[in-house]
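Okay, so here's the structure we're looking at.
The values are calculated or read from the model by the stated rules, or taken from the named source; none is laboratory data. Nothing here was measured: the structure is a model prediction, and the numbers come from that model. A quick note on method: Cβ atoms are made from the backbone with ideal geometry, for glycine too, and the neighbour counts reach across all protein chains shown. For accessibility, only protein heavy atoms count, side chains too; no ligands or nucleic acids. Shrake-Rupley method; radii C 1.70, N 1.55, O 1.52, S 1.80 Å.
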Amino acid sequence: MNQPVGKDKRARVPVRAMTQQIAETVVKAAQAKAAELGITMSVAVVDESGNLVYFARGDTSSFITFETARGKAVAAAGFRRPTQEYDAHFRANPAFWSSIAGNLKLVPGPGGFPLTRDGVMIGGVGCGGGLGGEDELCAEAGAAAIGQ
């Protein structure tokens with residue numbers, strides 16, 4: 001089928017605040033922190049709606065880290081705070097968290113950080129592959145790379 005040459009008549013997609021370049025910067029900083037800690041880390045970046053923008057699996061990270069990293073990023077973006085901050089709430093309210101975790105595909109636990117620009121939520125970063133504290137340090141480093 002021949003396509004007419006000229007202006008694309010499809011509806012345009014709006015320019016989003018979370019770009020591939022920003023996401024890649026976050027991932028590289030988080031993985032650099034992991035290397036500093038002597039571990040490998042999987043890192044996921046989602047936009048403000050929890051849609052995956054970028055993912056990189058650590059070379060020796062388990063296959064499950066795709067879901068754990070992405071789920072922590074979703075939780076950080078959705079609740080607009082580092083996942084470590086509501087760890088006590090996770091533990092105190094397991095029924096609540098298990099009910100929403102499956103539906104929203106979020107993972108409660110340390111290792112997620114919200115990503116903002118000029119005070120506006122643009123997404124979240126989640127890390128998986130280390131211990132909870134290591135995941136948290138890497139996610140924090142990723143967020144810091146874009147001026148958090």
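For region 11-62, what % of the accessible area comes from carbon and sulfur atoms, probe 1.4 Å? Show your work: numbers first, answer last.
Working: 1440 of 3070 Å².
Of all accessible area on region 11-62, carbon and sulfur atoms account for 47 percent.
Using all C-alpha to C-alpha distances in region 47-139, build P(r) with 10 Å bins and read off the rounded percent in each one.
Spelled out bin by bin, region 47-139 gives 19, 52, 27, 2 percent.
Quick check of the Kirkwood formula: for region 1-59, what is the inverse mean of 1/r over all pairs of different Cα atoms, in Å? Mind dumping the intermediate values first?
Numbers: mean 1/r = 0.0715 Å⁻¹.
Result for region 1-59, one decimal place: 14.0 Å.
Treating cross-link reach as a plain straight distance, find the lysines whose alpha-carbon is under 19 Å from the alpha-carbon of K72, omitting any fewer than eight places away in the same chain.
Hits, sequence-local ones excluded: K28, K33, K105.
Give me the 1.4 Å probe accessible area per residue for the chain, excluding ligands and nucleic acids, in Å². It would help to have the intermediate numbers written out before the result.
Values: 8630 Å² over 148 residues.
Per residue, the chain has an accessible area of 58 Å².
About the Cα centre of region 68-145, what is the dipole size in debye to 20, counting +1 per Lys and Arg Cβ and -1 per Asp and Glu Cβ, all else neutral? Please list the in-between numbers first.
Details: 7 positive and 7 negative charges, 62 e Å.
Roughly 300 debye, rounded to the nearest 20.
Towards the positive end of the charge dipole of the chain, with charges on Cβ (+1 Lys, Arg; -1 Asp, Glu), say which of S61, V45, A139 has the farthest Cα.
It is V45, whose Cα lies furthest towards the positive end.
Per-residue counts of other Cβ atoms within 10 Å, averaged by peptide: what ranking do you get for 122-129, 94-101, 40-47, highest first?
On the way: 122-129: 31.2, 94-101: 12.8, 40-47: 28.4.
The peptides rank, most packed first, as 122-129, 40-47, 94-101.
Go through region 76-86 residue by residue and turn each phi into a ³J(HN,Hα) via Karplus (6.51, -1.76, 1.60, θ = phi - 60°); whole Hz please, and just put x for glycine and proline.
5, 5, x, 9, 6, 7, x, 5, 4, 5, 10
Can you work out ³J(HN,Hα) from phi for every residue in region 64-72, in order, using Karplus 6.51 cos²θ - 1.76 cosθ + 1.60 and θ = phi - 60°, giving whole Hz and x for Gly and Pro?
Result, ordered by residue: 6, 5, 4, 5, 5, 5, 4, x, 5 Hz.
Based solely on its DSSP helices, what 222 nm [θ] is calculated for the chain when runs of n ≥ 4 H residues each add -39,500 (n - 2.57) and the sum is averaged over all residues, nearest 500 deg cm²/dmol? Intermediate results must be reported in sequence, preceding the final value.
On the way: 5 runs with 63 residues, N = 148.
Here the helix-only value at 222 nm equals -13500 deg cm²/dmol.
Which whole-number percent is the relative contact order of the chain (Cα, under 8 Å, 6+ apart)?
On the way: 321 pairs, mean separation 41.7, N = 148.
Here the relative contact order equals 28 percent.
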